[in-house]
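To start, the structure itself, in C-alpha cells.
The values are calculated or read from the model by the stated rules, or taken from the named source; none is laboratory data. Every value quoted in this text rests on a predicted model; they were computed, and no experiment measured them. Backbone-built Cβ (ideal geometry, glycine too); neighbour counts: all protein chains shown.
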Amino acid sequence: MAPGRHIIDGLYRCLCPQLNSLLSSRSAVVQFHPRNLSTPASVRCLSITLPTPQSIDPVPELAPQTPPPEPQGPLPPAEDAGEVPSAPRIRMVNSQGPSWNKPINFDRKERPFIRHGRPALGGIEKVRDLAHRGAFPEVFDEATALVESGYEPDRELYAALVYACSNFPGCLMQDLAFELVGEMKGRGIQPNSEIYHHLLKLLATSPDYLKRTEVLKEMKNNWQMVSEDGWQWVIAGYLMGGNLELALGIIEERRGKGLVVHRSTYEHAIHRLCAVGEAEEALRITKTLNDEGFWRAPAKVVHNLLVVGTKQMHLDCTMWSWFQANDHQLFNPDDGICILTLNVAARHGSAKLATDVFRVLVNRKFEFEEHHFAALLETYLVAHDLPTAFSILNIMESANVPPKPNTTRIIVNKLTQNNSPREIEAAYEILLAQRKPKNSVHIAALNTIIAAFVRISDVKSAFNVYKEIPDFDLRPNLQTFDWLLRGAAKQGRKKFAMWVVTEMQEMGIKPRGETYESLVLVCAAQEVINDAFAYLEEMKNMGFKPSAGLYKALATRCWELRDWRFEEVIEEMEKKEYPALGIVEMLQQREAEERAAVEAQEAQTVVVAGEGEEGEEEKGPQKDPPEKVEEQFGHKPRW
C-alpha cells in the first residue's frame, strides 16, 4: 500500500528542521500559483523538478527542536508583472510508485485543509455578538460607530444595548440601561418583552425593588407575560433586597399552581434564610424538597444549614444537617463546626449527636482537651443520664485529660439546683452501684458529691462521704480537702479545719492558694483573728497571691471587730491595686443603715407607747387585765 500524503504546515516544519534547509535551496524552492482543478493534470504539471535523494525520503529523521535556520542561498527571482507564465511551476515529489506522484502546495492561504474562522460580522449583528459576549466598552463603541454611519436607532439596537447592560457583572449598569429605555421611549419606540426581560435580569442582582415593581407594572399594562426565567429573576431580586417574605410568597404561589421554580432559586432562598438566621424555615424548605424527591440536598445547602443551626443552637436543624453530611458523605465537617455541634448537643442533651461528633473527631485522631469533655458531660447531664456522666470522668483520665474542678462544676450545679439533699443522695447511690467493678469510680465523682453537700451547708454528710472513700479503693486528693475546708470556712468550724489540715499533712498533700484562703476565712470567723493574719503571711511567703475577695472578707471582719489592722488591710489592697475605696464606702453605708434601722425602731416604740396612753385617757376607766380574764374564762389567773 502506498504511503499517505504528508501535510506540510508550521508544526511539521518545526518538528523536521531538515525540511526547512531543503526548501531554502534553489533547487527545491519554486514559484507556484494556485492550482486550477479544471485543467488536466498533464497540462498543469509542466515544470517538474527532478527527484533528489532528499525529496525521495518521505519521513525525514527527527532532529532536536531548534529554531529553523535562515535560508543560505538567494531566493529565485520574481517574475515580471507583464510576463504571463505559460503554466504554474509546481514542485513534484517523484516516488517509485505512480500514486506518490502528486503536486504539493506550500501556500497556507490556499491549502484546502485549513479551517478558516467564521466570517466577520458587521452592523447590528456585530453589536449583538459583542453584547452577548459582554465586551465592554467595545459594544457601545460599535453601536456609536453604527449610528454615525447612518444607521437609524431602532428597537433591535436598543435591545442589544440593554442586553449588554444585563450581562455586565452586578448592577452597575442599571442606570445606563434605564436611560437607554427612556431614550427609546423618547424616540417613540415601545419596549418589547425582550427588553423588559433584560431589565428583570439586570435587577436580579439589585436591591432596587421600586424599579422592579415599575417594570412589572409596565409589562402588565402592555399585556406582556413574564416568562419562567423572568420570575426566577424577580424572586432573586427580592431575595437580594432582603424582601424574603415577598420572595417566599411568590415561590409558594408558583408551587401551588404547579409552575416551575428552578433549583438555583431554591438554593438562593435557603442561602438568604440562613444568612439572616432563619434556621427553622430554611430546614422546612429543604426537607420538603427532599421528601418530594425534587432533589437530594446538595452539599452547599447542607453546609449552610449546619452552620446556621449551630449558631442559633437549633437542635433539629443541626442534627438533620449533621447526619445528612456524614451519612451521605457530602463534606467533611471541620474541627470548628464539630465543636459548635458538640455545644448544641450539650445545650439540648442530645447524646446521640454528641456521640457521633466524638466518633468523627476520634477517626481523624483529634487531640481532645478539657472543654471538649465538659461539653459531653453537659450533654448527658441535660439528658438526665448521671451514670454516663460519671463514667465520662474515667474516659477523661484514660485520654490523659484528668478532670479539673471547672470540669466537674457542672455536675455540682446539677445536683444542687433544687437545694435538695435527696438528689445528692440519689447520685451517691449511683456511685455505690458503680463501685462493684474495680476502679470504675473516679475520685472526681466523689468530690462532686462532697462539693454538693458543702454547697447546701451539710458539712456532716460531706464528711461521711469522705470517710467512705477508702471503700472505693481510692485516695483523697487536694480537691477533696479543699471542699472540706471550704465547708468548714462556711460554718466557721475551726477545729474541723485543723483536723483536715492534719489529714493533709499525714498524706503528704501540699496545700495551694485556695487551701490557705479557706484557712484564713475559718480563722477570721472567730472572735480572735490573729491566726487569720498568720495564715495570710504564710500564704504570701509560700508565693501564693491572696485574692481581692480574701482581703475584702478580712477588711469587713476587722471593721466589725473595730480591729486596728483594718487600715493595714486597706493599704495592702491599694498596693496590690485592688478596689479598696469601694469597701470603705460599703462598710460606712452598711453602718449608717444599721444605725438608721435602730433609730427607727426606737422611735416606733415611743410612738406606740404614746398612742396607748392617749387611748386610755379617751376611753375612760378601763378594766384591769385580771378582771378581763375573769370575765372571759370564769376564773382568776395566778398573776
field: Selection from the range 302-315 of residues that are in contact with a Gly (Cβ under 8 Å, 6 or more places away or on another chain) and over 10 Å from VAL344 (Cα atoms)
entry: VAL308
statement: Counting only residues that are modelled with pLDDT of 65 or more and either on the phi < 0 side of the Ramachandran plot or among the hydrophobic types (A, V, I, L, M, F, W, C) (or both), the range 113-131 contains a total of 11
query: For the range 423-473, which residues satisfy the criterion of being over 22 Å from THR388 (Cα atoms) and in a helix (DSSP H, G or I)?
result: VAL454, ARG455, VAL459, LYS460, SER461, ALA462, PHE463, ASN464, TYR466, LYS467, PRO470
Hits in the range 136-160 (condition: outside any helix (DSSP H, G or I) and surrounded by 13 or more Cβ atoms within 10 Å (Cβ to Cβ)): PHE136, TYR151, PRO153
- request: Return yes or no: is THR502 more than 52 Å from the chain's Cα centre (by Cα) and under 23 Å from PHE453 (Cα atoms)?
  value: yes
- line: So the helices (runs of 4 or more DSSP H) completely within the range 194-261 holding 2 or more residues that are closer than 26 Å to LEU289 by Cβ, charged (D, E, K, R) and in the same structural domain as ALA164 (by TED's automatic domain parsing) are 228-240, 244-256
- prompt: What tally of residues in the range 197-249 results from selecting those that are surrounded by 21 or more Cβ atoms within 10 Å (Cβ to Cβ) and of a type in the set (Ser, Thr, Tyr)?
  reply: 1
- request: Among the candidates VAL454, VAL401, single out the residue that is of a type outside the set (Lys, Arg), surrounded by 14 or more Cβ atoms within 10 Å (Cβ to Cβ) and touching a Gly at 6+ places or on another chain (Cβ under 6 Å).
  value: VAL454
- request: Name the single residue, out of those in the range 282-303 being small (Gly, Ala, Ser) and part of a loop (DSSP other than H, G, I, E, B), that is nearest to CYS317 (Cα to Cα).
  value: ALA297
- request: Name every residue in the range 161-196 that is surrounded by fewer than 22 Cβ atoms within 10 Å (Cβ to Cβ) and of a type in the set (S, T, N, Q), in order of residue number.
  value: ASN167, GLN174, GLN190, ASN192, SER193
Condition check for THR605: among the β-branched types (Val, Ile, Thr) and closer than 20 Å to VAL522 by Cα: no
- request: Using the structure shown, decide if MET507 is under 52 Å from the mean Cα position of the chain (by Cα) and either touching a residue at least 40 places away in the same chain (Cβ under 8 Å) or within 17 Å of THR480 (Cβ to Cβ) (or both).
  value: yes
Subset of the range 304-326 that is in a helix (DSSP H, G or I) and of a type in the set (S, T, N, Q) - its residue that is surrounded by the fewest Cβ atoms within 10 Å (Cβ to Cβ): ASN326
message: Can you say whether LYS490 is closer than 17 Å to ALA462 by Cα and without any contact (Cβ under 8 Å) to a residue 24 or more places away in the chain, as far as the supplied structure shows?
response: no
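Here is a yes/no grid of residues against (1) in a helix (DSSP H, G or I); (2) surrounded by fewer than 14 Cβ atoms within 10 Å (Cβ to Cβ):
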| site | (1), (2) |
| --- | --- |
| LYS510 | no, yes |
| PHE544 | no, no |
| ALA555 | yes, no |
| GLN589 | yes, yes |
| GLN604 | yes, yes |
- prompt: Is it true that GLU567 is part of a helix (DSSP H, G or I) and over 52 Å from the mean Cα position of the chain (by Cα)?
  reply: yes
Meets criteria (among the basic types (Lys, Arg), in contact with a Lys or Arg (Cβ under 9 Å, 6 or more places away or on another chain) and under 23 Å from GLU514 (Cβ atoms)) for LYS540: no
